[in-house]
Amino acid sequence: MTAPMALNPVTPALVAALRAELPAAALREAAPHYLEEPRGRWTGQAGLVVAPGSTADVALVMRHAHAARVPVVPYGGGTGLVGGQVMPEGPAPLLLSLERMQAVRGIWPDENVIAVEAGAILSDIHDAAAGAGRLFPLSIAAKGSARIGGNLATNAGGSNVLRYGNARELCLGLEAVLPDGRVWNGLSRLRKDNTGYDLRDLFIGSEGTLGVITAASLKLFAPPASEGCALLVVPGPAEALRLLAMARARMGEGISAFELIHRQGLDFLAETLPRVRQPFATPPEWTVLVDVGLARGLDPAEALEGLFAEAHGAGLVSDGVIAQSRAQRDDFWAVREQIPEANRRIGSVSSHDISLPLGAIADFIARGHAAIAAIGDFRINCFGHLGDGNLHYNVFPIPGHSRADHAHQRDRVKRTVHDLVHEMGGSVSAEHGIGRLKVGDLERYGDPVKLDLMRSLKAALDPAGIMNPGAVLRG
C-alpha cells in the first residue's frame with residue numbers, strides 16, 4: 001500500500017481563499033476550548049478554525065483542504081475522552097467545527113424519524129423529539145454539550161443501550177462530505193434499503209477519519225407511558241447479573257437501563273461533590289440502578305416492588321429504595337451521572353472503557369482487582385452499563401497520593417487491565433472509541449485482517465491522508 005504524501009500546515013494562501021468564499025461568521029480564532037479535551041492529556045493545535053453553516057460550505061472547505069494537502073480535524077462538542085478531537089503533533093491542521101449546523105431538517109412523528117444537522121446538541125434533539133410527542137433515547141452524561149455528529153462518529157453508547165442500542169442502531173441515514181469535497185447524499189428515512197454496501201455503518205464509528213458527517217436521520221420512539229427507578233443493594237456483580245435476568249423475565253423490554261455502582265464511586269462523590277444527595281447513609285459495597293419505562297396501565301413502582309420482593313427472597317438484594325417521584329428518580333440518576341466528574345476531580349492513574357461477555361464480568365472484576373493489587377496499592381472504581389457488558393474500570397491512587405506519584409506505573413496498569421480483557425473475550429474500547437489514546441491498543445489486540453481492511457478503506461476514501469491523521473490508525 002502506497003503511503004500518502006506529506007501533509008502541509010494551514011497556510012496564509014488557504015486562509016485567504018476561505019475568507020474570500022465563506023461568510024465572516026465561519027472563520028474563527030483558535031480559542032483554547034477548541035484545543036482541549038476533557039481529561040487534559042493532550043493540547044491540540046489549529047492553524048485555522050472554520051465553522052461552516054451548510055453542507056455546501058463544508059464541501060467547499062474540504063475541496064480547498066484536499067487541494068492544499070492540509071490535515072482536517074472534525075470537531076463536534078469536544079467531549080470525546082480518547083483524544084480524537086485534538087491533533088497535538090504534525091502540521092497545524094484546519095479544525096472544522098460543526099457548531100453552526102444545528103438545524104432540525106425535518107421530523108415525521110408518524111414515521112418515528114427526525115433529520116438533524118451534525119452540530120445539533122444531543123439535549124436539543126431530545127427536546128425536539130419531545131415536542132413532537134416522541135423520544136430520542138441516546139443519552140450520555142455530556143448530553144448538554146455533545147453534538148450528534150460526534151456521537152455518531154464515535155458510535156456513542158450511554159445509559160439506554162440495553163433497550164435501544166448504540167448510536168449505530170439509532171441511525172437510519174447520513175449525509176457526509178468526503179475528503180475531496182464530494183457529498184454523499186445518504187440521508188434516508190428508510191428502514192429497509194438493501195442496495196449494496198452500507199456506507200452509513202462505515203462512517204459511524206470512523207471518528208472523522210473517512211469524511212465529515214453533516215446530517216443524520218435518526219429513529220424516534222413512543223415514550224414510555226410511565227417510568228420508574230430503583231437503587232437496589234446487591235451482594236456483588238454475580239448477583240447483579242442474576243437480578244438483571246430476573247428483571248427481564250418480569251418486565252421484558254421495559255428495562256431501560258441497568259447500571260452497576262461500586263462503593264468507591266459513592267465515596268468519591270461524598271468527597272468531591274457533597275451536594276449530590278445519596279439515598280443510603282452508609283454507602284453499600286455494590287448497588288444497581290434499575291430504570292424502567294412501561295406501557296399504559298402498568299405501574300413502575302409496583303413492578304419494581306415486585307422485583308425487589310422476588311429478588312430479596314432469592315438472596316439477590318438486601319436493601320433498596322424505589323423512587324416515589326420524578327424528582328427522586330432524577331436524584332438517583334444524578335448519583336450515577338456525577339460519578340465520572342467525581343473521578344475526574346480525584347484524578348485517575350489509568351481509566352479503562354471496556355466491555356466483556358456478561359457471563360465473564362464477575363470473574364473479570366475479581367481477577368482484575370487481584371492483578372492491580374499485585375502492582376501496588378490503588379483504589380478501583382468499577383461501575384457502568386452492566387446490562388450491555390460495558391464497565392468503566394478506573395484505577396486511582398490511595399489517599400495521600402496523586403496520579404503523578406504513579407506515572408511510572410500507568411502503562412503497566414493499563415496493559416494489565418487490557419490484557420485481561422482481551423484474554424476473556426472482551427473489547428478495550430466499549431463506547432469511547434479509539435481516538436489517539438488507543439491506537440496502540442488497536443494494533444496490539446485487533447484482528448490483523450480487520451486492521452488490513454481498515455487501512456484499505458482509509459486509503460480508498462482518503463488517499464491523501466488528510467482526515468484526522470493519527471486518530472484510529474497510525475499515520
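Derivation of every value follows stated rules applied to the coordinates shown; laboratory data play no part. What you see is a predicted model; the values in this text were computed from it and never measured. For neighbour counting, all protein chains shown are included, and Cβ atoms are generated from backbone atoms with ideal geometry for every residue, glycine included.
Based solely on its DSSP helices, what 222 nm [θ] is calculated for the chain when runs of n ≥ 4 H residues each add -39,500 (n - 2.57) and the sum is averaged over all residues, nearest 500 deg cm²/dmol?
When only DSSP H runs of four or more count, the value is -10000 deg cm²/dmol.
Where both partners of a DSSP beta bridge lie in the chain, what percent of those bridges are antiparallel, to the nearest 5?
90 percent
Sort the following peptides by mean Cβ neighbour count (other Cβ atoms within 10 Å, averaged over residues), highest first: 163-169, 34-40. Walk me through the numbers before you get to the answer.
Details: 163-169: 18.9, 34-40: 16.9.
Top of the packing list down: 163-169, 34-40.
Determine the relative contact order of segment 20-103: mean sequence separation of Cα pairs under 8 Å and six or more apart, normalised by residue count, in whole percent.
38 percent
Compute the relative contact order of the chain as a whole-number percentage, counting only Cα pairs closer than 8 Å that sit 6 or more residues apart in sequence. Please report the intermediate quantities before stating the final value.
Working: 972 pairs, mean separation 76.6, N = 475.
About 16 percent, as a whole number.
Which net charge results when you count Lys and Arg as +1 and Asp and Glu as -1 among the other residues whose beta-carbon is under 14 Å from that of residue 123?
Taking every other residue near residue 123 into account, the sum is -1.
Please tell me the relative contact order of segment 232-369 in percent, rounded to the nearest whole number, where contacts are Cα pairs under 8 Å and at least six residues apart. Each step should come with its number before you reach the end.
Working: 148 pairs, mean separation 49.7, N = 138.
After rounding, I find 36 percent.
Give me the lysines in straight-line cross-link reach of residue 219: C-alpha distance below 16 Å, same-chain residues under 8 apart excluded.
192
Once segment 246-402 is represented by equal point scatterers at the alpha-carbon sites, with solvent omitted, what log10 I(q)/I(0) does the Debye formula produce at q = 0.08, 0.18 Å⁻¹?
Debye intensities relative to I(0), on a log10 scale: -0.25, -1.20.
Could you pull out every one of the lysines with an alpha carbon less than 25 Å from that of residue 414, ignoring same-chain neighbours closer than 8 positions?
438, 450
Looking at segment 212-286, which chymotrypsin sites (Phe, Trp or Tyr not before Pro) are in a loop (DSSP not H, G, I, E or B) and have at most 15 other Cβ atoms within 10 Å? Don't skip to the answer; put the middle values down first.
Numbers: sites: 221, 258, 268, 280, 286; in loops: 280.
Filter output for segment 212-286: 280.
With only alpha-carbon pairs counted, each pair once and no self-pairs, how large is the Kirkwood hydrodynamic radius of segment 241-282 in angstroms?
Details: mean 1/r = 0.0803 Å⁻¹.
Here the Kirkwood hydrodynamic radius works out to 12.5 Å.
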